[in-house]
Amino acid sequence: MADSAWSIVSRIAAGLLLYTGLGWLLSQWVGHGPALMATGAIVGLALSYYLVFTSLNRQETSGRKADGEVRVP
Amino acid sequence: MSGCGFPAPGAEIFQFDAVATFAIGGLTFNISKVTILLFLVSLLIIGFFTYAFRAPKLVPRGAQNVGEMGYLFIRDGIAREAMGKEGDRFVPFLFTFFFMIWMLNFMGIVPGAQIPVTSIFAIPVAFALIVYLTWVPLGIYRQGFIPFFKNMMFPPGVPKAMYLLLAPIEFISNIIVRPFTHSVRLFANMFAGHLLIASFSVATFYLISASVIGILGSVASFAVTVALTGFEVLIQALQAYIFTLLAAVYISGALHAEH
């Protein structure tokens, strides 16, 4: 489905934006320069990937069930 | 960069002077080429489909045939594909978007018009906002306020503790990033395509001179212009299709919670 492709883009963008922003805010408060912002970017990217993988896995599993295929554990 | 003096077209080819200006209640309206094209395309679409369906026959011929093909393409290829039978109610909405955007894109290669109207950022933004203001209230209406956001923000199959970190990502990606990417995708494609065609057209005239290399460069640029124009015809239809398909997918997601 076209949407799963585009949702990957928007999830990665959202995760990066949110956690880079949080890292920046935290660095403004604590004062560790760009280190916290970079950490935030990496954490955000990791979380976005996690979200993308779980949602794609779920779609594939439900797709196979709908096709009547038995999933091998 | 000043070197050879190649007059590379830039953002100024997307700016048009107002041909008429008027004010209503303190708001100033500028009528430019883009505005005129927007109205012209609207009239063209209304005119064509009114003509096509003015006296519908059981066995369609001519314009009615074309109109029905367009209708069936939107109904079966987009609405039912994304929403099933329920999609039939949204066919007029999607139909209008598809043909409007396609024809506005098409203006990019019509001699005289030669500007894809959707490459003016305000226009895709307005379209994306209409879609956004359709699926968000629709989702709240169909699923209820709390369940709508709950279904959006808490995807199943994730450990409970992760929700604290993931729910904000889902919220931002659906509510903030989605309308943005929806409009930018159309805008950027049409903007870049128009800029490419303009650049090679300029190069065709710029490179021409009474020398072998000049003639070769000019002919090559002209060939690329022709090829890009052909390519652009494909992109114009494709971008209209993608925009409409995504609108259908968003509405579908608002009607039923994703599982």
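All of the numbers you see were taken from the coordinates with simple rules; none came from a lab. Keep in mind that this is a model prediction, so the values were computed, not measured. Cβ atoms come from the backbone with ideal geometry, glycine included; neighbour counts cover every protein chain shown.
Consider residue B:60 carefully, then state whether it is outside any helix (DSSP H, G or I), in contact (Cβ under 8 Å) with a residue 12 or more places away in the chain and in contact with a helix residue (DSSP H, G or I) (Cβ under 8 Å, 6 or more places away or on another chain). No, not satisfied.
May I ask you to verify whether residue B:184 is surrounded by 17 or more Cβ atoms within 10 Å (Cβ to Cβ), β-branched (Val, Ile, Thr) and either within 14 Å of chain A (Cβ to nearest Cβ) or over 30 Å from residue A:52 (Cβ atoms) (or both)? Taking the combined requirement at face value, the residue does not satisfy it. So is residue B:156 surrounded by fewer than 20 Cβ atoms within 10 Å (Cβ to Cβ), in contact (Cβ under 8 Å) with a residue 60 or more places away in the chain, in a helix (DSSP H, G or I) and more than 27 Å from the chain's Cα centre (by Cα) or not? Considered against the rule, which asks whether it is surrounded by fewer than 20 Cβ atoms within 10 Å (Cβ to Cβ), in contact (Cβ under 8 Å) with a residue 60 or more places away in the chain, in a helix (DSSP H, G or I) and more than 27 Å from the chain's Cα centre (by Cα), residue B:156 comes out as no. Determine, yes or no, whether residue B:217 is facing chain A (nearest Cβ under 9 Å), surrounded by fewer than 18 Cβ atoms within 10 Å (Cβ to Cβ), free of Cβ contacts under 8 Å to residues at least 40 places away in the same chain and of a type outside the set (A, V, I, L, M). Criteria not met by residue B:217.
Return a yes/no flag: does segment A:2-9 have any residue that is crowded, with 20+ Cβ neighbours inside 10 Å, charged (D, E, K, R) and within 14 Å of chain B (Cβ to nearest Cβ). Within segment A:2-9 (the criterion being crowded, with 20+ Cβ neighbours inside 10 Å, charged (D, E, K, R) and within 14 Å of chain B (Cβ to nearest Cβ)), the answer is no, since none of the residues qualifies.
Table: residues versus (1) without any contact (Cβ under 8 Å) to a residue 12 or more places away in the chain; (2) over 29 Å from residue B:176 (Cβ atoms).
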{"position": "B:54", "(1), (2)": "yes, yes"}
{"position": "B:77", "(1), (2)": "yes, yes"}
{"position": "B:116", "(1), (2)": "no, no"}
{"position": "B:131", "(1), (2)": "no, no"}
{"position": "B:145", "(1), (2)": "yes, no"}
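Residues in segment B:159-174 that are among the aliphatic types (A, V, I, L, M) and facing chain A (nearest Cβ under 8 Å): B:162, B:165, B:166, B:169, B:172. The condition of being within 20 Å of residue B:99 (Cβ to Cβ), acidic (Asp, Glu) and either away from chain A (no Cβ under 11 Å) or crowded, with 17+ Cβ neighbours inside 10 Å (or both) holds for residue B:232.
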